[in-house]
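> Handing you this structure, nothing more for now.
Rule-based calculations on the coordinates, nothing more; no lab input. These numbers come from a predicted model, not from an experiment. Counting neighbours? That spans all protein chains shown, and the Cβs are built from the backbone with ideal geometry, glycine included.
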Amino acid sequence: MALTPVQHQTPAFTAAVAAGAGALFGLFVGTAQGSGILGLIVGAIVLGAMGFVLTGMISQAKPIRWAILGIFAVLGFLVGGMPAMVLGALFGWFTGWFIFWIATSSYRKRLPPYLTPGQVLWHFSFRVICGAIFVFLITPILVVMPLSFNAENFFTFTPEMLRFDPAGYSLKHYRDFLSNDGWQQALWNSLRIAPMATILSVGFGTLAAIGLSQPHVPFRRAIMAILISPMIVPLIISAAGMYFFYSRIGLQGTYMGVVLAHAALGIPFVIITVTATLVGFDHSLTRAAANMGAGPVTTFFRVQMPLILPGVISGGLFAFITSFDEVVVVLFVGSAGQKTLPWQMFIGLREQISPTILAVATILVGISICLLTTVELLRRRSERLRGMSPS
């Protein structure tokens, strides 16, 4: 296969790629304004023309990029004020960088030189698709967070917020969350239920994962499928089944019933993470400990547990998040005395529209980010430990 040299692209190629990017941006902007097709066409024409013209001006790339940034910033300010100016400046910076990135073939400098054009296209197309999915998932969260600082009792951006006027921002909704008895009782219930459910999930899930990792256990696949079924079965079906079962045995409407229900939902996460950790576990270590006189309990806590601990903690964090954020099961199994934070948010949306919900949602997002960051750090530690294993 011949090596592909890195050289400047033709104006036609740069214009075609820039037009595709412009069509994508134009589609989003046009859809927001009520005409997606018009936005697609205008975006493709504008960026395509810019790509065709600027390809012959590569030697003056830096001042041209600053000029593009300034032009788009001014246009944004004239159209929508300060917020649009910031967005216009960002778009202008990206447009100038992207066009010259394509025109100078800089996109190939970090790739192996033997890749064909089709492979290069797939390399970047895959990243664009992943980025689009990420933006689609993260945008609702990014919208909620600034709205939680709204000084008014609205679920929309006020003119003061759009002008970045300090008078349009306030912590009143956070103060309401910290001072309202209903919110505090719901928070206290969540903090009582989630840790207890997590402890049960970690205990039973870890033991189940260790047992199912043994090759001599019969019907391992069937048992594993049953244990992780709460992740597969629709939550409303699980909640209805738990309601009828717990009603017969007297656990419906009790703290213990909610804890057991949340533990059942968290066990699959613990089983999956611990099982993944046990894949790289060297079982000769446990046999060596047994040969030296250690009992099963001592072997587990002194040999096995330190090596699978990252997976156990990761599963526990997932179980905690599941219990802390769950609302469907607690609506069926719990009662007014077990009203959790998600349940209170659901009531706030259904019965009394209160922006305090946005403040609580922002707090929950922050907690989730911290826990997921911890999970990622533990995952990396687990990989290092498995790399040190004799196997």
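> For the chain, set up a Gaussian network in which alpha carbons nearer than 10 Å are linked by springs, and say which option among 295, 348, 257 fluctuates the most.
Fluctuation is largest for 295.
> In degrees, nearest 10, range 0 to 90: what is the angle between the Cα axis of helix 356-388 and the longest Cα principal axis of the chain?
Between the helix axis and the principal axis of the chain, the angle is about 80 degrees.
> Using alpha carbons only, how many degrees (0 to 90, rounded to 10) separate the axis of helix 11-33 from the longest principal axis of the chain?
60 degrees
> Then there's this: With 10 angstrom as the radius, rank 148, 59, 105 by how many other C-beta atoms surround their C-beta, starting from the fewest.
59, 105, 148
> Are there chymotrypsin sites (Phe, Trp or Tyr not before Pro) in the stretch 217-293 that DSSP marks as loop and that have at most 15 other Cβ atoms within 10 Å, and which are they?
Those satisfying the criteria are 219.
> Using only the C-alpha atoms of the stretch 294-391, find the volume of their convex hull and express it per residue in Å³.
133 Å³
> Right, here's the next one. Using DSSP to call loops (not H, G, I, E or B), can you name the trypsin sites (Lys or Arg not before Pro) in the stretch 242-333 whose Cβ has at most 15 other Cβ atoms within 10 angstrom?
none
> The stretch 208-252 to the stretch 306-354: how many Å between their Cα centroids?
19 Å
> Of 375, 144, 79, which is the most mobile in a GNM of the chain whose springs link Cα atoms less than 10 angstrom apart?
79
> Between residue 62 and residue 256, what is 0.36 nm times their sequence separation minus the Cα-Cα distance? Round to one decimal in nm.
63.3 nm
> With a Förster radius of 22 Å, plug the Cβ-Cβ distance of residue 223 and residue 379 into 1/(1 + (r/R0)^6) and report the FRET value to the nearest 0.05.
Computed FRET efficiency for residue 223 and residue 379: 0.30.
> With the chain treated as a Gaussian network of Cα nodes joined by springs under 10 Å, which of 80, 366, 266 yields the largest mean-square fluctuation?
80
> Would you compute, from DSSP H runs of 4+ residues alone, the mean residue ellipticity of the chain at 222 nm, taking -39500 (n - 2.57) per run and dividing by the full residue count, rounded to the nearest 500?
Estimated from H runs of four or more residues: -25000 deg cm²/dmol.
> Using only the alpha-carbon atoms, how far is helix 117-147 inclined from the longest principal axis of the chain? Give it as 0 to 90 degrees, nearest 10.
That helix lies at roughly 70 degrees to the long axis.
> Still on this structure: By counting other Cβ atoms within 10 Å of each Cβ, how are 181, 165 ranked from fewest to most?
By the 10 Å Cβ count, ascending, the order reads 181, 165.
> Test of understanding: what is the full-extension gain from residue 285 to residue 153, defined as 0.36 nm times their sequence separation minus their Cα-Cα distance?
So the chain would gain 41.4 nm between residue 285 and residue 153.
> Something else now. Once Rh for the chain is found with the Kirkwood sum over Cα pairs, what is the Stokes-Einstein diffusion coefficient at 10 °C and 1.306 mPa s, in µm²/s?
My calculation gives 61 µm²/s for D.
> Give the residue list of trypsin sites (Lys or Arg not before Pro) in the stretch 30-118 that are DSSP loop and have at most 12 other beta-carbon atoms within 10 angstrom.
109, 110
> Right, next: Please find the FRET efficiency linking residue 71 to residue 365, where r is the Cβ-Cβ separation and R0 is fixed at 30 Å, and quote it to the nearest 0.05.
0.25
> Ranking 262, 216, 173, 283 by Cβ neighbours within 10 Å, fewest first, what do you get?
So the ranking, lowest neighbour count to highest, is 216, 283, 173, 262.
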